[in-house]
Amino acid sequence: MLLPAFTLEHLLIVLLGLLLLIMTFALRRGPSTADRVLVLEVVSTLGALMLLVLSVVARRAIYLDVAVLLTLFSFLGTLVMARYLERGLLQ
């Protein structure tokens, strides 16, 4: 029985998953809302990176489209949260 080769891409997915786990703990523990918004932006960036690496591993272009959409919605969400923080509606 042959095991699939464990490549650099697989290692990257595992490491990005560990970073995602660490950042979710930081998201919960953040001292202020602005810190949580920043950590949420990093989490979405790590998710997009995972999708990009997964698209290389799986050789599927659809994951690239999903990564672009995730990045776009993350950016728009950050703008909305910044607007609420600026107005003082969130604390």
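Only the coordinates and a few stated rules stand behind these numbers; no lab work does. Keep in mind the model is a prediction, meaning the values are calculated, not measured. With ideal geometry, Cβ positions are generated from the backbone for all residues, glycine too; neighbour counts draw on all protein chains shown.
Tabulated results
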{"quantity": "Extension reserve of the residue 75-residue 38 stretch, reckoned as 0.36 nm per residue once the Cα distance is removed", "calculated": "12.2 nm"}
{"quantity": "Correct choice for mean projected area of the Cα convex hull in nm² that was computed from the model, options [x] 5.0; [y] 6.9; [z] 7.9", "calculated": "[y]"}
{"quantity": "Förster radius 30 Å - calculated FRET efficiency between residue 65 and residue 22 (Cβ-Cβ, nearest 0.05)", "calculated": "0.65"}
